[in-house]
1. Which condition number in (1) loosely packed, with under 10 Cβ neighbours inside 10 Å; (2) modelled with pLDDT of 80 or more is the one that Ala16 fails?
2. Looking at (1) without any contact (Cβ under 8 Å) to a residue 40 or more places away in the chain; (2) in a helix (DSSP H, G or I), can you tell me which one Asp6 breaks?
3. Scan Glu27, Glu57 and give me the residue that is assigned to a helix (DSSP H, G or I), among the acidic types (Asp, Glu) and closer than 29 Å to Gly92 by Cα.
Amino acid sequence: MATRPDYIAPQDLKFANVNPDPEFSPEHNQRVIEKTIKENEKLVRARNRDAEEGNKERINALSTYLRSISTGGKSTDREKFFGKKYLAYLRGSEVMQRIKGELELQGRNGQAFRIVPSENAKREVRKLTMRGGE
C-alpha cells in the first residue's frame, strides 16, 4: 500500500497535533531549509579545501616517489628515497592535522571554536611526544 502524506494512522493520533500552529508558514520553513542546506554545503566546501591544502605536500611527495619508481629510479624503498626525518615529518603533519581537526570546529556563523580534547587525541599527543624523544 502506498503511503499518503495526509493520512495519520489511528495509533499515531495521540502524537498528532490536531490544531496546527497558526503562525506556521510553509514558505518560511522552506526558506530556512534552503538556507541551512546552502550554509552546510559552503561549510563542506571550506573543509574540503582546507583538507586539500593540508594534504598537498604529502600528495606531491607521493607523486614524486611514484614517478621515480615508474621511471626506473634507483630505490623503491621509501625510507631511502625520502629519508627518515622527512618521512617522520610527513607522518607527523598528517597526525597533527587530524588532531587539530578534532580540537577545532566551525560554527554556523563561521567562527571557529575550540573543544576539550578527546582522550584519543591526548593519547596521540603523548605517543608523538614519546617518539620525538627517541
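1. (2)
2. In the conditions (1) without any contact (Cβ under 8 Å) to a residue 40 or more places away in the chain; (2) in a helix (DSSP H, G or I), Asp6 misses (2) alone.
3. Testing whether each residue is assigned to a helix (DSSP H, G or I), among the acidic types (Asp, Glu) and closer than 29 Å to Gly92 by Cα leaves just Glu57.
The values are calculated or read from the model by the stated rules, or taken from the named source; none is laboratory data. Because the structure is a prediction, the values reported are computed rather than measured. For neighbour counting, all protein chains shown are included, and Cβ atoms are generated from backbone atoms with ideal geometry for every residue, glycine included.
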